[in-house]
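Report on the structure given below.
The values are calculated or read from the model by the stated rules, or taken from the named source; none is laboratory data. Everything quoted here is computed from the prediction, not taken from an experiment. Here the Cβ positions follow ideal geometry from the backbone for every residue, glycine too, while neighbour counts run over all protein chains shown. Protein only, heavy atoms only, side chains kept; ligands, DNA and RNA dropped before computing areas. Shrake-Rupley method; radii C 1.70, N 1.55, O 1.52, S 1.80 Å.
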Amino acid sequence: MFSIKMAEERKKAELKISGMTCAMCATTIEKSILSQEGVADAQRNLGNETAVVEYDSAKVKLADLEKAVTDAGYDVINDKVVLKIGGMTCAMCVKTIEDAINSLDGISSVTVNLSAEKAHITYNPKMATIADMKSAIEDAGYQYLGVAAGEGTKDLEEVARERDLREKRNRFIVGFVVGVPLMILMHVPVAEFPFSMAYFMLVVSAPAFIYVSHPIFHAAYRALKNRDLNMDVMYSMGIGVAFVSSLLATSDILTEDFLFYDTALILASFLTIGRYMETRAKGRTSEAIKKLVGLQSKTATVIHDNREMKIPIEDVQIADIVVVKPGDKIPVDGEVVGGESYVDESMITGEPIPTLKIKGDNVIGGTLNKNGVIRFQATKIGRDTVLSQIILLVEDAQGSRPPVQRIADKAVSYFIPVVLTIAILSFVVWYFIIGNTLLFALTALISVLVIACPCALGLATPTAVTVGVGRGAELGVLIKNGEALEISEKLTTIVFDKTGTLTRGKPEVTDIISIGTDDSELLRLVASVEKNSQHPLAEAIVRRAQGIELVDSEGFDTFGGKGVTAKVGRKEVLIGNRILFSERNISYLEAEAKIVQLEEEGKTVILIAIDNVVGGIIAIADTLKERTKDAIEEFKEMKFNVVMITGDNARTAHSIAEQIGIQNVLAEVLPQDKANEVKKLQERGAVVAFVGDGINDAPALAQADVGIAIGSGTDIAIESGEIVLIKDDLIDAVAAVQLGRKVMSRIKLNIFWAFAYNAVLIPVAAGILYPFFNITFEPELAGLAMAMSSVTVVTLSLMLKRYVPPAKKRAKKNKRR
């Protein structure tokens, strides 16, 4: 009982954080959150500036987690909404409603205005929805009157990003407008001024320097306050040393050679423009999520009291009848109850041809109604819809960290102490040991401090994962975690389930051969038993028996993976495979030759015994999917060992495998044994991906190194694998592996460039080339190089947005033909 209670109290929250600019910032935030009692895990993602926290809600509240972030010097971005509430009469009503809404997970603050009859709510949209708030208000006995006009949920993340970009842009513009003329004055001979150049530069540069560098010094103070050394501390040291030495030169304590006012200002501007470019680029990494969110309808037309009413999407309830007219988006998931129309589902399934929807068909929220009016009954609303589940999967995956991230995390932890050591050593060596000028030593110190940056290392993995996972969603491939990406490049073996994966999964009866009775009677007896089963083969038999009057059977029983039995009237009917008949000692020798012939044709043969005597056989064939053969050829070209696994007998299995070019076949494998077969392959050193339907094959999908589940387009939330294919198209399985390999190669390229920038340029900044080639690195150029390291990594990641897996390209080209 205790363990159940604890499990119920464990929650997960995703916090959107502003001000997280480098890998050390992310580490600071993670440490601050983990210091809270009750926090089990905290995973931060620098690429999309989030932190996913698992915590015990009995020990720590969401507000405590947000406070841990703000105490570390950063801000949490939440959504805000104003709700209209009816039925309030006094201050106690206000308190009741505030308490009711505050009891929800994900609520940061609630302020209820009695006179205006409105509630101003700040909340985490990943944990709470307006539908939850509506229920809380109504459960408390008050009226929910909807979202206040013009007060819908605001995209505060976008607002904060735009404000941050605007401020950074203004700062670096001011820095360059003032700094560049000062630099010209410093390096171009001019006539004697009637006043001191040093004081003139101080007066002109000081206001601009304070304005441009204030965020950098503030961030450094925040880090030191939290006893952390991050890049802002180093940047502050670099520009601070430049400005302070200029003040000392102005006061005649140092010579005029130490006038670095222009350098300090230009350097601060380069640092700011680097952050500006980085923030702008990072803002584009989650465009796939924005596109998915943009598919969600804001309103729905429902039938209440025999009339149509347009209501906010959050007010739609399960079982509501929703009306959708031509050109409108389908607001929620449901089942058509009236009308018919073609629906464009390409935004969800990727299938370009609209699908005809008639009574009884399912529709998906976010898809587009094309030409007719349909009415459907809502079956899934809010976060339970397919689109919401897809968005949730993509967001979770974008926040995950593949194991390769450990390389960058380890490097970052040593980075700043090493760089500080190099900076101090370069100063000591040049000034005290080699005896160069103080000016030269100071320049080397400043250059090392500002050129070194672990930001690129921190961004190398998360930006690539974020863009890659988003691109996958656009291609109809949902990748659930970063680890699946990393394993995908190590795969050696692909195992396919046959029925419903390689084949259409809707088999049809092809042959009925009776022994001792007629074909119609044999079919009647078998279908009367099989109507109790949900197996695809059973459904094929029942479909074939349409028009024949079936009767109820008694004592229906199943033998897992072997067959079924039941009594029809006074006859005991046994339906199954060779294994079951052998176990029951029922001879089928007289039908053996025909069985072999049918199996060689690639058909599945079902044996029927009536009162323990063979009564006939029924052959069933399942057709291959349109692009099964193409997918297998693609995997073979990629040098994969391709395996088919099935419960069919060996002869039938090999016949089907031969049609599609698979040599390795595991036949007569019971459903529960598929996972063991995968395990045997792994024990022989294979890295295995299993491709199955996601439900019947759940154990095998879980056992495989990567499970690839074929989605139906309507059951995304319950699929089992690490990768889910929205469309029922095996080319997408190839595309998923190719995408995973591409993302991993891009991560490695990012990490290479992140290391390369620092490994090559830090020694140059320290002056290693000066004795040989008289080459030094000016601090302002060092600042520019630092900015470019992060921009390079983010840009390389953004290039994944245009990636099309080769298998997709070839499939598209073949389709045109």
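Straight-line cross-link reach from residue 562 at under 26 Å between alpha-carbon atoms covers these lysines, not counting any fewer than eight positions away in the same chain: 498, 506, 531, 571, 594, 603, 625, 674, 679, 680. In the chain, helical runs assigned H by DSSP with n ≥ 4 each contribute -39500 (n - 2.57); averaged across all residues and rounded to the nearest 500, the mean residue ellipticity at 222 nm is -15500 deg cm²/dmol. Here residue 810 and residue 109 are evaluated by their C-beta separation; at R0 = 41 Å the FRET efficiency comes out at 0.15.
Checking the Cα-Cα distances for 168/410; 11/134; 11/168 against a 25 Å cut-off, the pairs over it are 168/410; 11/168. For the listed peptides 213-223, 404-414, a ranking on the average number of other beta carbons within 10 Å per residue, highest first, reads 213-223, 404-414. Using a simple spin-label model with pseudo-atoms 7 Å out from Cα toward Cβ, residue 358 and residue 432 lie 8.9 nm apart. Value of Rg to Rh for the stretch 584-666, rounded to two decimals, is 1.10; Kirkwood radius and Rg both from alpha-carbon coordinates.
Subtracting the Cα-Cα distance of residue 639 and residue 406 from 0.36 nm times their residue separation leaves 81.0 nm of extension gain. Ligands, DNA and RNA left out, the 1.4 Å accessible surface of the stretch 290-349 is 50% carbon and sulfur atoms.
For a quick check of understanding: with a 1.4 angstrom probe and all protein chains in place, what accessible area in square angstrom does residue 159 have, to the nearest ten? Its accessible surface works out to 80 Å², give or take rounding. At full extension, residue 165 and residue 702 could sit 188.9 nm farther apart than now, given 0.36 nm per residue minus the alpha carbon distance.
Relative protection proxy for 382-391, 679-688, 175-184, from highest mean packing down: 382-391, 175-184, 679-688 (other beta-carbon atoms within 10 angstrom).
Each of the peptides 527-537, 486-496, 588-598 was scored by the mean count of other Cβ atoms within 10 Å over its residues; in descending order, highest first, they stand as 486-496, 527-537, 588-598.
Entry note, the stretch 204-333: relative contact order of 16 percent, from Cα contacts under 8 Å with a spacing of 6+ residues. Look at the alpha carbon pairs under 8 Å that are at least 6 residues apart: their mean separation over the length of the chain gives a relative contact order of 12 percent.
Take the stretch 291-400 with all the other protein chains still there, run a 1.4 Å probe, and you get 46 Å² of accessible area per residue.
Just want to confirm a number: the relative contact order over the stretch 615-760, from Cα pairs under 8 angstrom separated by 6+ residues, in percent. Normalised by residue count, the contact order of the stretch 615-760 is 17 percent.
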